[in-house]
1. Quick check: is even one residue across segment C:89-96 in contact with a helix residue (DSSP H, G or I) (Cβ under 7 Å, 6 or more places away or on another chain), in a loop (DSSP other than H, G, I, E, B), more than 14 Å from chain B (Cβ to nearest Cβ) and modelled with pLDDT under 70?
2. Could you grab the pairs with beta carbons closer than 6 Å, sequence gap of 6+ or different chains, first residue in segment B:322-334 and within 7 Å of another protein chain (Cβ to nearest Cβ), second one surrounded by 18 or more Cβ atoms within 10 Å (Cβ to Cβ) and part of a helix (DSSP H, G or I)?
3. Can you tell me how many residues in segment B:181-207 are without any contact (Cβ under 8 Å) to a residue 60 or more places away in the chain and crowded, with 16+ Cβ neighbours inside 10 Å?
4. Quick one: which strands (runs of 3 or more DSSP E) sit completely within segment B:62-166 and have at least 2 residues that are within 11 Å of chain A (Cβ to nearest Cβ)?
5. Which one of these is within 13 Å of chain A (Cβ to nearest Cβ) and either surrounded by 20 or more Cβ atoms within 10 Å (Cβ to Cβ) or not in a helix (DSSP H, G or I) (or both): C:249, C:318?
6. So, of the residues in segment C:256-291 that are within 12 Å of chain A (Cβ to nearest Cβ) and in a loop (DSSP other than H, G, I, E, B), which turns out to be nearest to residue C:336 (Cα to Cα)?
7. Test of understanding: among A:127, A:134, A:110, which residue is within 18 Å of the chain's Cα centre (by Cα) and either more than 10 Å from chain C (Cβ to nearest Cβ) or loosely packed, with under 15 Cβ neighbours inside 10 Å (or both)?
8. Return the total of residues in segment C:298-313 being more than 9 Å from every other protein chain (Cβ to nearest Cβ), part of a loop (DSSP other than H, G, I, E, B) and closer than 18 Å to residue C:283 by Cα.
């Protein structure tokens, strides 16, 4: 287990290194290189930048400098907000995004698992069709379309919830719902399939042959076995939340990372784009690792084969 | 002898997207107290469906037990029991061992808990009592180091060990009827023998009746008192082990017995039953076996044969037993056996 | 166990029947080709069939829709921001096609009457007076074009990569798998955004960005299948008979891969449609005057409070496209999945 973990972490660092390198060189390729985007910089800023990043230096040296800076946690200085380090911008914005992401993840997976389980238990009834319908809609309707429609009908037309901005918990309800439809649909579909497969397996028939009631069969025997593989979709779901946060934060005008990312793309604020990209990539890799470790912890087959054999 | 379980006129259909598959077409048999009844037949003959229907374990969504079917146990018709009532029968009075021990235990539950579960459920044991009894059962089925292994997960056991655990689960509540659905098919030959021995010993100890499903005639000879041969969703011949092995009457049984390889079979090559099982989506008119039967008569293609009585314990559904039927010569291997049977009929044939 | 031998049968019934061994080998079910079998299964799935019909209609509209309304494609500022109006159903009060608009204060506006416009625009016009019906189908056309193009590239790269990696195995496979592992460690979003920033938004750059990130799944699925298939008897038999590697791949493995390739493709297309719209929405989409579903939604969102129809129309169409593609893909997966065979 320890060796496996170490191996995974090394691989993770390698991937991150490659991502930072790709980001750096792609940014260098952009016509009118980011650091020399003179029109957007004042003379003094350019002087600071050039001194700091050594833009007059050859490319390899710039690359190593950037790498060294990133490792020390320095992601550069934003173009649009003069003299503000990217790290400060990010840390000031991360709160709302993290809160939205966590809320959507928790609500989405729990509600999705619930839908999937009742769909599987009441297979081929209207309850099942209903849960399948929600799953298909959630997977199909793009999050920004859904978010815009929610905003228009629930907030603007009906006035039940605030239209936009970030001034309290009630402001997070609509964006959370908008973000969570994708996790709901994925968790529900996956859970339904897993649950149906588990319910038709031999050990479930044996459990029934032992005289267990359908409730005991479903919740003592089937649920745990069906839940284990669901952990594997948590990684992709977290990533989908990152994608979703860009548009949902834009729609609801939430001062989060996603909104900032979209703005910086629109004004070509390269240091912020690069910094956010690296942060997203690091988060993604970290989540995948956590999910894998989690999976090996909750599945006794994996857990014990590492320990005893 | 007293019957503990009676199956009368059992008809079961499956609804598939191609149409209605008549998997069981009028099966009758009874299981006597303390005996082992083997049900023999090729894949798709309906053996497993019959036993699953006794436990009421067929999926309700696509299977249908027809009106008029009766499965009588303990004065109740199991077909008519509610789910709640059936739960009280399963695992307590009737329990079951499945074919594949690798998949029939819950992978995320410790085996002790899996054995204890029916005890807590049916006998209102406390957790502690149930675990003590589980330990006893593990000793009974001959699992080494039961004290430590009771806390392990199924994947830590070999196939043979798992089948012992499954047997322990099945025997936990001292069931009156034990259904073993090909319990040795998925195991190595040496392990098969161990498991068969275990089952025979346990049957003596706890006095249970066993329905043993298999397609392996060697296993039948080893464990069974009586044999029912199934073909195309029907029982085509039923009798004591000696009667089926040494005096078979149905051409399908002839085929089964002559296709059994034996070391002392001197010259003749292995007998083969041609063709494949009947399509139960459109069951053929007449005898389902007729098209594969080299002894078929015109009537076999027109009329389903009834059960003809051979002796008090021996019945077979073939027109060859009709008084008007011509005398035919069974395959050589069967003739030899019949010869033996007539020789020692009086010593062995009267056991039942 | 009834012995009803009292029923009389004529003696000749007990003659030996003509025994024909070939009859015993007769196969009762008609044999179906792969495609017939799959089609039989898809046909059972009502949702998939309805989806197929709706998709076909959307395709036809993407082809001919822009020429149906009879309005010029250019700008006409005098006709700007007109709500949807369809003469034939303008009297049906619950349908929003009566050419009126309710503003935020609840006042009903009648721009057609106010500005004395005789023509009616079925889906209304945008702020530059362009006919939204025409622009919508042009947008659908471009969105579909990008999605199909990207998916086709995905398919070619993914299938070749997966087939080579799986078939040759060993070191080749090992290296190719490490590359995939690293690629899939990078979030698609990041690559797509960076690439489009570098290449400048446009049909080609968006297609390329989508294709570059999309092929990995296909490669993985194909590799898995090839690994499974290449050791099966028919492939080994062909090898024993001296067939060359590429002949085995194309003659024996690919036909068996058709199912998974189709299923995977069917899921890639809606994904590409989504990503294109997503990019447009965050400002990395096509540049005006080109329109795609994404840019139409983004334009509509900007004026959602004043002219909600500008958002609703493309929103409904993209949702319809996504839902029908997903349902059809589900139907095909169930049809091709050998696990479901009974």
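The values are calculated or read from the model by the stated rules, or taken from the named source; none is laboratory data. All of these numbers come straight from a predicted model, not from anything done at the bench. Note that each Cβ is placed from the backbone with ideal geometry, even for glycine, and that neighbours are counted across all protein chains shown.
1. Yes, segment C:89-96 contains at least one residue that is in contact with a helix residue (DSSP H, G or I) (Cβ under 7 Å, 6 or more places away or on another chain), in a loop (DSSP other than H, G, I, E, B), more than 14 Å from chain B (Cβ to nearest Cβ) and modelled with pLDDT under 70.
2. Partner pairs satisfying both residue conditions: B:324/C:14; B:325/B:319; B:325/C:14.
3. Of the residues in that region, 8 qualify.
4. Because the criterion is at least 2 residues that are within 11 Å of chain A (Cβ to nearest Cβ), the strands (runs of 3 or more DSSP E) in segment B:62-166 that meet it are B:94-97.
5. C:318
6. C:285
7. It is A:110.
8. The total comes to 1.
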